[in-house]
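Read through the structure below, which is laid out as structure tokens, and then see the notes.
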Amino acid sequence: MSAIFEQLFAKYPDLQPCRDAVWQAYEAMEASFRRGGKMLLAGNGGSAADCEHVVGELMKGFMLKRTLPPAERDKMLIHGEEGAYIADRLQGALPAISLVSQSGLSTAFINDVAADMAVAQQVYGYGRPEDTLVVFSTSGNSANVVRAVQVAKSLGMTTIGLTGRTGGRLKELCDIAVCVPYDGTPDIQERHLPIYHTLCMMLEEAFFA
Ligand SMILES: O=C(CO)[C@@H](O)[C@H](O)[C@H](O)[C@H](O)COP(=O)(O)O
């Protein structure tokens with residue numbers, strides 16, 4: 001196990017009960033990216049902000065400089081001097097999409113069809129069996145998140161839930177449930193952050209070190 005993983009539990013000993021689940025989440029995410037999959041993310045309120053945060057860590061350099069490999073760099077050089085400018089600034093990316101940022105689609109679907117199905121519709125549109133769906137829910141019971149997981153499972157995707165002590169419905173539904181040992185919404189959210197930072201650092205190390 002990596003030093004980054006161990007640092008999480010040295011810094012947050014209260015997260016020890018989640019140790020196996022965090023490792024399983026890492027392995028599932030790495031396997032998905034290695035088979036050409038992408039990560040879809042969903043959550044509400046503060047957890048929606050967490051989805052955006054994770055996308056920011058995965059889609060560009062986080063702790064490491066992600067210089068393009070030579071073959072990728074060469075593809076840009078067809079544009080001459082401008083190609084070099086482009087190649088020098090592009091960074092390796094792990095494909096991740098936050099499903100909470102599609103305001104046009106979401107507002108229309110909520111207004112016209114059903115609020116609890118708005119994220120699920122995006123999972124249906126974007127999801128492939130090689131992908132992971134990562135959901136954050138402090139209760140584990142938010143209907144739009146539960147529906148999204150149900151659709152992802154029907155599509156054969158890997159489902160990972162970050163939730164609180166009880167885990168709510170997500171504990172049973174998700175392939176991997178990371179249940180931090182807290183009950184209050186802010187306390188749960190405050191422990192989700194170091195967990196997803198750790199997962200993003202481990203993924204970056206696996207693909208770009
Ligand atoms: O950030 C906070 C409270 O810290 C709130 O915005 C909170 O995320 C919202 O009430 C969510 O709707 C709660 O949903 P969930 O975590 O139970 O799925």
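The values are calculated or read from the model by the stated rules, or taken from the named source; none is laboratory data. Everything numeric here is computed off the predicted structure, so don't read it as measured data. Cβ placement follows ideal geometry from the backbone for every residue including glycine, while neighbour counts extend to all protein chains displayed. Just so you know, the surface numbers come from the protein's heavy atoms only, side chains and all, with ligands and any DNA or RNA stripped out. Shrake-Rupley method; radii C 1.70, N 1.55, O 1.52, S 1.80 Å.
A few remarks follow.
- Candidates are the residues of region 106-119 that are of a type outside the set (V, I, T) and closer than 19 Å to A49 by Cβ; the one that is surrounded by the fewest Cβ atoms within 10 Å (Cβ to Cβ) is S106.
- Residues in region 126-143 that are buried (at least 23 other Cβ atoms within 10 Å of the Cβ) and near the ligand (Cβ under 9 Å from one of its atoms): V135, F136, S137, T138, G140, S142.
- Those residues of region 45-76 which are among the hydrophobic types (A, V, I, L, M, F, W, C), closer than 27 Å to S103 by Cα and open to solvent by 70 Å² or more (accessible area, probe 1.4 Å), in sequence order: M59
- Unique residue being closer than 30 Å to E204 by Cβ and in contact with a Gly (Cβ under 9 Å, 6 or more places away or on another chain) when the list is T159, T163: T163
- Total residues in region 1-21 satisfying the condition of being within 10 Å of V180 (Cβ to Cβ) and open to solvent by less than 80 Å² (accessible area, probe 1.4 Å): the figure is 5.
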